[in-house]
1. For the pairs 85/174; 187/237; 76/237; 57/236; 76/236, flag any whose C-alpha to C-alpha distance is greater than 32 Å.
2. Decide, for region 117-178, between rounded, prolate and oblate: order the square roots of the alpha carbon gyration tensor eigenvalues as a ≥ b ≥ c, take rounded if a/c falls under 1.5, and otherwise choose prolate if a/b is larger than b/c, else oblate.
3. Using Cβ counts within 10 Å as a stand-in for footprinting exposure, how do 139, 228, 165 rank, fewest first?
4. Considering only DSSP states other than H, G, I, E and B, which trypsin sites (Lys or Arg not before Pro) in region 50-157 qualify as loop sites with at most 14 other Cβ atoms within 10 Å?
5. Taking other Cβ within 10 Å of each residue's Cβ, how do 54, 67 sort, fewest first?
Amino acid sequence: MKAENSGQASNIHVGHALKQRFESDALLGASHLPIKVQDSVAMPVIARQPIAEDDAKQRQVQLDVIDNGEVKECAKCGLSNTRTKTVFGTGSATARIMFIGEAPGHDEDMTGIPFVGRAGELLTKMVEAGMGLKREDVYIANVLKCRPPNNRDPATDEILACKDYLWRQIDLIKPEVIVALGAPAAKTLLETRDGIGRLRGQWHDFFPSGTALVGEPIPVMPTYHPAYLLRSPGEKKKAWEDLKMVMARLGLPIPKRR
Ligand code: SF4
């Protein structure tokens, strides 16, 4: 886990002071105060960056070149022997939010499209009904581009072989925020061994350059994978809290009721 931008220190300080204040109030019985929301208020809102039409087209062209010219023929790891189709990614090449899961499942392997099974339907619902966005306005991808047999967890050598594709997708799309869906995605991006229960609900930094010394970090919000939420519907509330932090960070309106 890395610290947030040093230039945001004063905002963070104010946020912590507010949080302490609300926590004190909560201890005194004012439990209705939105302590959790103050965590997101502490982070500065990211303004939408205008993107020229030519730039957007060029990004999509370059994504297609990686997909059609490299990934579809890739045999860098053993999953090339068992996959039906590679699953590169889908959505807008200029998306503000990139959702990243761990690997394709059965339905994705058959169609070549990420998040199309039951878990995909839930993710679409979270994006559209929950966040008020369109699925095609965000970008959805996985760490691995091929399905591990029987949906087992990605192996370390497979992640090492494949992650360059994801890093290049991130570099081209330049998302303002990444939502890491589940532990394998969060651990890969953040190079941590912490579990998702510990990582979620807080902002982390992903450094596309691989080092905090070069370039700006991209904020990462880890949350539960939709497949886990299908098995544990009681955790949906926590996932929604995480997504509300994402929306607050991007200055998007948060629905009052759902
Ligand atoms: S999982 Fe990635 S590295 Fe392995 S064969 Fe598929 S595209 Fe290549």
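We did not get these values from a lab; they are worked out from the coordinates using the rules stated. Worth saying up front: this structure is predicted, and the values here are computed from it rather than measured. Neighbour counts run over all protein chains shown; Cβ positions are idealised from the backbone, glycine included.
1. Values: 85/174 26 Å; 187/237 22 Å; 76/237 39 Å; 57/236 36 Å; 76/236 36 Å.
Flagged as over cut-off: 76/237; 57/236; 76/236.
2. Working: a/c = 3.35, a/b = 1.37, b/c = 2.45.
Taking the square roots of the gyration eigenvalues as a ≥ b ≥ c, region 117-178 is oblate.
3. On the way: 139 26, 228 17, 165 23.
The order, fewest Cβ neighbours first, is 228, 165, 139.
4. 134, 152
5. Working: 54 8, 67 18.
Arranged by neighbour count, lowest to highest, 54, 67 become 54, 67.
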